[in-house]
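**Q** The structure's right below; bear with me while I get my questions together.
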Amino acid sequence: MNSEELVSRARAAMQHAYSPYSHFPVGAAVLYKDGAVIEGVNVENVSFGATNCAERTALFTGVTRGYRKEDVAAIAIAGDTDTFLPPCSICRQVMVELCGYETPVYLSDKHGKIKELTIKELVPYAFTELNM
């Protein structure tokens with residue numbers, strides 16, 4: 001699966017987002033090395049601290065299905081933004097924990113453009129198990 005196809009899966013997932021407060025739906029899609037794709041969406045709560053982002057929803061679902069860090073091939077993030085939509089800092093830290101440091105991350109915008117980075121480029125000074 002190429003980056004465009006994975007972003008398309010993330011974009012399609014957006015329709016299932018629960019975002020009644022921000023009105024800002026976000027979709028994510030995680031590609032696993034066995035070819036499986038797990039989508040996630042943001043799920044808001046009136047108590048904003050209880051809100052879960054699309055990236056974390058997808059990655060946590062992968063964990064519940066038995067996938068581990070070494071199984072992740074790539075992750076895509078989609079939203080209706082004019083610029084590339086980056087993951088929040090909490091999601092970045094979760095990505096460090098649940099993805100390899102060289103995992104490709106595809107950021108997209110509403111115009112169909114895609115920017116490819118790695119987890120390492122998103123979080124160059126990540127808090128890792130080495131810091132524990």
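**Q** Just to verify a result, which residue in segment 14-47, among those that are touching a residue at least 40 places away in the same chain (Cβ under 8 Å) and over 16 Å from ALA74 (Cα atoms), is surrounded by the fewest Cβ atoms within 10 Å (Cβ to Cβ)?
**A** For segment 14-47, the residue satisfying everything is PHE24.
**Q** Of everything in segment 64-85 that's more than 20 Å from ALA36 (Cα to Cα) and out of contact with any strand residue (DSSP E or B) (no Cβ under 6 Å at 6 or more places or on another chain), which residue is surrounded by the fewest Cβ atoms within 10 Å (Cβ to Cβ)?
**A** Per the stated criteria, the residue is ASP82.
**Q** Mind checking whether some residue in segment 91-107 is loosely packed, with under 14 Cβ neighbours inside 10 Å and assigned to a loop (DSSP other than H, G, I, E, B)?
**A** Within segment 91-107, one or more residues are loosely packed, with under 14 Cβ neighbours inside 10 Å and assigned to a loop (DSSP other than H, G, I, E, B).
**Q** How about segment 2-18: which of its residues are in a loop (DSSP other than H, G, I, E, B) and farther than 18 Å from LEU117 by Cβ?
**A** ALA17
**Q** Please indicate, with yes or no, whether at least one residue in segment 48-66 is assigned to a helix (DSSP H, G or I), of a type outside the set (D, E, K, R) and within 14 Å of VAL7 (Cβ to Cβ).
**A** Checking segment 48-66: at least one residue is assigned to a helix (DSSP H, G or I), of a type outside the set (D, E, K, R) and within 14 Å of VAL7 (Cβ to Cβ).
**Q** Which members of segment 19-47 meet the condition of being within 19 Å of PHE84 (Cβ to Cβ) and part of a loop (DSSP other than H, G, I, E, B)?
**A** SER22, PHE24, PRO25, ASN42
Each reported figure results from applying straightforward, stated rules to the coordinates on display, with no laboratory input. Remember, it's a predicted structure, so these values are computed and weren't measured experimentally. Cβ coordinates were reconstructed from backbone atoms using ideal geometry, including for glycine residues, and neighbour counts include every protein chain displayed.
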